[in-house]
1. Just checking, how many residues over the range 29-62 are within 23 Å of the chain's Cα centre (by Cα) and in a helix (DSSP H, G or I)?
2. In this structure, is residue 9 under 30 Å from residue 171 (Cα atoms) and surrounded by 16 or more Cβ atoms within 10 Å (Cβ to Cβ)?
3. Given the criterion within 21 Å of residue 47 (Cα to Cα) and touching a residue at least 40 places away in the same chain (Cβ under 8 Å), identify the matching residue among 114, 86, 121, 108.
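The values are calculated or read from the model by the stated rules, or taken from the named source; none is laboratory data. As the structure is a computational prediction, the values presented were derived from the model and not from experiment. Cβ atoms come from the backbone with ideal geometry, glycine included; neighbour counts cover every protein chain shown.
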C-alpha cells in the first residue's frame, strides 16, 4: 500500500471498531528498506537448441562456464566479491515439437537427473509426460546471488526503557 498504508489502516481500524491506530514514522519507507536488505541477484541466459542428451553435455558445460563468468563479472561490478557469489545453472527444457519450456536446476550436472526433474515438473504442470518424445534444451541460464550478506543487518534495539507517547494525534473521518 506504500504511502496509502495509513489511510488503509484507518479504514480497517474503523471497520473493526478500533479507536486508535499506531503508524510507524517510516511506514512509507519500509518497502525501500526491504529492497535494501535483499540479496543482489544477476542472471544470464543463452539459447542452445540441442537435445537433452549426453552428447550435448560438453556444449552445455561450456555455455554454463561462459554464463557463470558473466554473472560473476556483473556482481563484481556491483562490489560483490567472487568468493561470496553462489551460482546455479538452469536448463530451460521442452519436448521436441512443443513451445513451452520449464526451468530445471542443473547443479547436479546430470543429464539423467535433468530429464527426471523435467518430467516431474511437466507432470505437475500439465498432468502428463511423453514416453518417447525427445527433450530439447532451448536455453541455458546461470543465476548468481550474493551470499555475503551485503544488506544491512539491524541489531535489536532495546525498547524497555522507551517512554511511548504519540508525536501527534489527528482525527479523521471515513465513509462520509
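1. The total comes to 9.
2. yes
3. 114
Here is a yes/no grid of residues against (1) surrounded by 15 or more Cβ atoms within 10 Å (Cβ to Cβ); (2) modelled with pLDDT under 95; (3) in contact with a strand residue (DSSP E or B) (Cβ under 6 Å, 6 or more places away or on another chain):
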site: 64; (1), (2), (3): yes, no, yes
site: 75; (1), (2), (3): yes, no, yes
site: 82; (1), (2), (3): no, yes, no
site: 86; (1), (2), (3): no, no, yes
site: 89; (1), (2), (3): yes, no, yes
site: 94; (1), (2), (3): yes, no, yes
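Condition check ((1) part of a helix (DSSP H, G or I); (2) assigned by TED's automatic domain parsing to the domain that holds residue 52; (3) closer than 13 Å to residue 135 by Cα) across all residues:
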| position | (1), (2), (3) |
| --- | --- |
| 80 | no, yes, no |
| 83 | yes, yes, no |
| 87 | no, yes, no |
| 93 | no, yes, yes |
| 100 | no, yes, yes |
| 103 | no, yes, yes |
| 108 | no, yes, no |
| 114 | yes, yes, yes |
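One line per residue, one yes/no per condition, for (1) at pLDDT 95 or above; (2) in contact with a helix residue (DSSP H, G or I) (Cβ under 9 Å, 6 or more places away or on another chain):
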site	(1), (2)
102	yes, yes
111	yes, yes
130	yes, yes
134	yes, no
137	yes, yes
140	yes, yes
158	no, no
